[in-house]
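Structure record follows, encoded as structure tokens.
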Amino acid sequence: MDGVILFADDFVFNNENFESKLFHKMNEEGFPVLPIGNLPDLENTIKSISTFKAIILDWEFIETLESNSTKKNPLDILKRYKIYSLIFIYSYTTIGTDTQAELKIIFGNKIQFLEKIKEDNQIEVECGKIFKLIEEFETSNKHLETPFIWGQAINISVQSIFNELEKADKYWIKEIYYSSVRKYDKATGEAKEVEVEPTFEVINLFQNLLSEKLIQNADLLNSISKYSQENFKQELNEQAIKDLYSRLYYTTTLPTDTVMTGDIYELDTNIYGVIISPECDMNKLIKRNEDIEMLCFTKNDFIKIKDFCNTDDEIKRAYNQEIAAIHLLPIFSFTDTELKTALIDFRFCLKFAKGEFLNSNKEKRKFKINPPYIQQLRQRYLAYVGRIGVPTIPASLRILN
């Protein structure tokens, strides 16, 4: 995998130190290496550059403030950003087994712990050891290559789009922001009446441009296709299926998140509701404490599948959302340990909840349904309640056709 190696150590800029000599030796070997000397610069670099070939990271940084020195480690930074790169914790400081276990849970085999040998006659050996471990990791983890290319494609595409939008109008963010605002304070710009939360509107429109840009990236498209064909015989185990599709279908909400279309509330014991009111109405409905539409279901509703499906083919059609009166939410997390299919019966599911109730009871939110699945649910429900009955085609017309 192409990319820069990040070398983060508070002695990397001191030419007399082992760390600085090791950094220069790595550069001499032809690898692009970026030196970082303190934790604030480390955090800013991680935020600015999202794809690294590898990160070589000391565990102990000495920070001096007003002649007082304190020792700090990068644990909080690693937990905050969950970096998708190979990470070497390269230190002579002993790291506790609990901390190592915690980092292994977050990063899996992408994090390794190496003991630093601070002897000048070991520089070449250490350099060779690190490069060999990087090569071995990349050889045994080919599956990381496509996401790595994907990350680079996002970085490149984002810069290109920002340039294009700035050429059109350097205030393009403001322009999109106020496109969803009906009234605002002319002195402060504060939004008074909004159709859609304006910050969401800015992000959503930009994401649409980003998606189109990524579709034009030939390297990314070829990598996805090649990876899929090379690994098409690989099958997921049961736990992997649960973990993968739970993440694709649902996102855990935060207490600070705005109430949105697709949010799922536990309204009562084993009674759940999905908000389907249009996103452009949500701010108004909450502010005026008006009724918000929800499609409700219980943990035991799935037993109704017997009313619609008698064969394996009919069950397959149900999971493909081809039975008009019901909608299935696969691997719904009724509890932390209980994943089941949730069945929404369009005939009886519509309920209403007051905007203020939902806004003041965000702790009752379990998570939200991700796009495009929430749009599919809304579309199918509206099609069901809006369907028009017409006479069947007579045999004569069918034969003629």
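The values are calculated or read from the model by the stated rules, or taken from the named source; none is laboratory data. Keep in mind that this is a model prediction, so the values were computed, not measured. Cβ coordinates were reconstructed from backbone atoms using ideal geometry, including for glycine residues, and neighbour counts include every protein chain displayed.
When you look at Y84, is it aromatic (F, W, Y), in the same structural domain as L22 (by TED's automatic domain parsing) and without any contact (Cβ under 8 Å) to a residue 40 or more places away in the chain, yes or no?
The answer is no for Y84.
In this structure, is E124 closer than 19 Å to N38 by Cα and either out of contact with any helix residue (DSSP H, G or I) (no Cβ under 9 Å at 6 or more places or on another chain) or loosely packed, with under 15 Cβ neighbours inside 10 Å (or both)?
no
Based on this model, can you work out whether Q152 counts as part of a helix (DSSP H, G or I), surrounded by 12 or more Cβ atoms within 10 Å (Cβ to Cβ), of a type outside the set (V, I, T) and in the same structural domain as L221 (by TED's automatic domain parsing)?
yes
Can you give me the number of residues within the stretch 84-99 that are modelled with pLDDT of 90 or more and either surrounded by 13 or more Cβ atoms within 10 Å (Cβ to Cβ) or in contact with a Lys or Arg (Cβ under 6 Å, 6 or more places away or on another chain) (or both)?
Of the residues in that region, 10 qualify.
Looking only at helices (runs of 4 or more DSSP H) that fall completely inside the stretch 189-291, which ones have 2 or more residues that are modelled with pLDDT under 90 and surrounded by 15 or more Cβ atoms within 10 Å (Cβ to Cβ)?
198-215, 279-287
So, in the stretch 168-202, exactly how many residues are over 18 Å from C280 (Cβ atoms) and hydrophobic (A, V, I, L, M, F, W, C)?
Of the residues in the stretch 168-202, 4 are over 18 Å from C280 (Cβ atoms) and hydrophobic (A, V, I, L, M, F, W, C).
Quick check: is even one residue across the stretch 332-344 modelled with pLDDT under 95, under 20 Å from A383 (Cβ atoms) and in a loop (DSSP other than H, G, I, E, B)?
Checked the stretch 332-344: no residue is modelled with pLDDT under 95, under 20 Å from A383 (Cβ atoms) and in a loop (DSSP other than H, G, I, E, B).
Show the residue pairs meeting these rules: Cβ distance below 7 Å; 6+ apart or different chains; first residue within the stretch 170-187 and under 16 Å from F200 (Cβ atoms); second residue among the small types (G, A, S) and at pLDDT below 80.
Between residues of the stretch 170-187 that are under 16 Å from F200 (Cβ atoms) and residues that are among the small types (G, A, S) and at pLDDT below 80, the close pairs are V181/A191.
Cβ-Cβ distance below 8 Å, separation of 6 or more or different chains: which pairs start in the stretch 104-120 with a residue that is over 20 Å from T93 (Cβ atoms) and at pLDDT 95 or above and end on one that is basic (K, R) and not in a strand (DSSP E or B)?
Here the result reads none, with nothing in the stretch 104-120 linked to a residue that is basic (K, R) and not in a strand (DSSP E or B).
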